1. Principal axis lengths of the range 154-272 from Cα atoms, whole Å, largest first?
2. Remind me, what semi-axes does the range 34-181 give for its equivalent ellipsoid, largest first in whole Å, using sqrt of 5 times each Cα gyration tensor eigenvalue?
3. By Kyte-Doolittle mean hydropathy of at least 0.0 and Cα axial length of at least 20 Å, which whole DSSP H helices of the chain are selected?
4. Given R₀ = 25 Å, FRET efficiency for Arg146-Glu226 by Cβ-Cβ distance, to 0.05?
5. Please state the charge dipole magnitude for the chain, taken about the Cα centre, from unit charges on C-beta atoms (+1 on K and R, -1 on D and E), reported in debye and rounded to the nearest 20.
6. Find the centroid of the Cα atoms in the range 239-288 and in the range 94-146, then give the distance between the two in whole Å.
7. With all pairs of different alpha carbon atoms counted, what Kirkwood hydrodynamic radius in Å does the range 1-85 show?
8. Suppose R0 equals 22 Å; then what is the FRET efficiency for Glu274 and Arg233 from their Cβ-Cβ distance, rounded to the nearest 0.05?
Amino acid sequence: MSEWAVASAPATTANLGPAFDCMAMALQPRCAVRAAMSDGWAIEHMSEHGPGAGESDAVLAAAKRAVGDRPLTISVETEVPLGRGLGSSAAAFVAGAAAALLAVGAEAAPDRVFRIAAELEGHCDQVGAAVHGGWVMVPAEGPPIRLPLHTSLRPVVAVPPTRLPTQRARAVLADKLPMDLVIRSLARVSGLTAGLITGDPETLAAARGDEIHETVRAELSPEVGELMDAARRAGAVHAARSGAGPSVVAFADSAAADQVAAAFRRAGADVIDEPMDTLGLVVGREPG
């Protein structure tokens, strides 16, 4: 083949505490997909984070959704670990759809890729951050909106060795919520949004204590609570379950971020200790 169509999309951390299914932030690890026209469908995973036996292949699903019956040869290399609450499926859907569209000569416009990936993912928050980069909110109607993270804050993510399938984590969520819990949750989302924009620790403190997903998922992965406590003791101004978990995202100023990362490592977790990704989806072409 003379040329590969290439696309990459970042890992993401969703919810950030109380903003369940409506906020996410892009992180530095990326999923990279290369695709080219072929006589038949073929896919090769070049990294340790590919799907295991019996697991669905998100890149392949997105490519087929994007281009239908036009077969492609696909190569995938991802740094995003599966089943850790870091948006591995969102990154795969976004990069897979974009690379497939480019490979057949179509435009991989962000809004088109977003729609394809969101349909496959079933919710829009992590897909929005994977496409647009940065910290995004997903409104009830319309495209994702980028929000300004205060320059003093840095995300630090703990990635435990355990995995938690998203389907299992979502299965424990309540179908209906009492009004007083909803009101408390809205207040927490307000505190989260204002706190991440202003960097004010007291405002961020008002975002703690989510009751929609963190409380009910606590027994599924006890290490989450322990990591959140460790982050706060080390100086984090906010800590939350990352997506479905069991990863944890903490926010700290530059003086405390290294201490938070060290606390996570002492607890046995891998660490993502880099600024948030601001690029989102990146597309291009490479020689074959």
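Please treat every number below as a calculation from the coordinates, not as lab data. Everything numeric in this text was worked out from a predicted model, so none of it was measured. All Cβ positions, even for glycine, are placed from backbone atoms using ideal geometry, and neighbour counts span all protein chains on display.
1. 40, 34, 17
2. Values: eigenvalues 155, 76, 54 Å².
Semi-axes from the Cα gyration tensor: 28, 19, 16 Å.
3. Working: long enough: 88-103 (22 Å, 1.80); 179-198 (28 Å, 1.09).
Helices passing the filter in the chain: 88-103, 179-198.
4. Numbers: r = 33 Å, r/R0 = 1.30.
E(calc), rounded to 0.05, equals 0.15.
5. Working: 24 positive and 34 negative charges, 46 e Å.
Roughly 220 debye for the chain.
6. 21 Å
7. Roughly 14.3 Å, rounded to one decimal.
8. Details: r = 22 Å, r/R0 = 1.01.
Calculated value: 0.50.
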